[in-house]
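The structure appears right after this line, and notes come after that.
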Amino acid sequence: MTTVYFMTPTKDKEKAQELMKFFEDKKIDVIYSSPFRSAVEMIREYGVEKEIPMFAVTEFAEIEQEVEPKETLEEVEERMIDGLAMLANNEEGNTILAVTHPIALSTAIHFFDETFGEEDTKRLQENAPCLVRFTLDGEICKDIEEIKVM
């Protein structure tokens, strides 16, 4: 089994520190992050302090709306699922911390749970930072759990 903890970034340093306390008793093998500054900055100190390998990957970036043609939600979902497949194949059996953004995370959840809708996405955006655990058996998602930390 592979465990992926997806978290969303926040600019509130106190909230970020509170969220990171959740991982004090967990062994994180590797960190993957969206290349966006807010995501990288949120996790950099933790990764350096714990000496955890860190990688920035475009698969976990937020929806790109500033460039033409604009990225669709379906395209975001496809790259998020590609990112999860990459983790399942390259990090099998590991516990992974991945930083992504609310809309991107929502598309991945929706891929596995079609009842996850717009209101749920708004909730993730309003409650940032959020933490969601995906449990994978190979590329098969066995469980998704939103974790209340704060």
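The values are calculated or read from the model by the stated rules, or taken from the named source; none is laboratory data. Note that the coordinates shown come from a computational prediction; the quantities given were computed from them, not determined experimentally. A quick note on method: Cβ atoms are made from the backbone with ideal geometry, for glycine too, and the neighbour counts reach across all protein chains shown.
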Kindly check whether there is at least one residue in segment 127-136 that is assigned to a helix (DSSP H, G or I) and either out of contact with any Pro (no Cβ under 6 Å at 6 or more places or on another chain) or closer than 14 Å to Glu62 by Cα (or both).
no
So, first residue farther than 20 Å from Ser106 by Cα in segment 55-71, second residue modelled with pLDDT of 85 or more and small (Gly, Ala, Ser), Cβ within less than 8 Å, six or more apart or across chains; the pairs are Phe55/Ser33
May I ask you to list the residues in segment 22-54 that are within 18 Å of Arg133 (Cβ to Cβ), of a type outside the set (A, V, I, L, M, F, W, C), surrounded by fewer than 17 Cβ atoms within 10 Å (Cβ to Cβ) and in contact (Cβ under 8 Å) with a residue 24 or more places away in the chain?
Lys26, Lys27, Asp29
Given (1) surrounded by fewer than 19 Cβ atoms within 10 Å (Cβ to Cβ); (2) more than 12 Å from the chain's Cα centre (by Cα), number of the condition Val76 does not satisfy:
(1)
Quick one: Val99 ticks every box in (1) touching a residue at least 40 places away in the same chain (Cβ under 8 Å); (2) under 22 Å from Glu14 (Cβ atoms); (3) surrounded by fewer than 13 Cβ atoms within 10 Å (Cβ to Cβ) bar one, so which box is it?
(3)
Positions within segment 111-126 being in a helix (DSSP H, G or I), under 19 Å from Lys148 (Cα atoms) and not aliphatic (A, V, I, L, M), in sequence order:
Glu119, Asp120, Thr121, Lys122, Arg123, Gln125, Glu126
Residue satisfying all of: in segment 113-129; exposed (fewer than 12 other Cβ atoms within 10 Å of the Cβ) and charged (D, E, K, R); farthest from Glu77 (Cα to Cα) among these:
Glu126
For residues in segment 130-150 being crowded, with 16+ Cβ neighbours inside 10 Å and in contact with an Asp or Glu (Cβ under 8 Å, 6 or more places away or on another chain), which is farthest from Met54 (Cα to Cα)?
Ile144
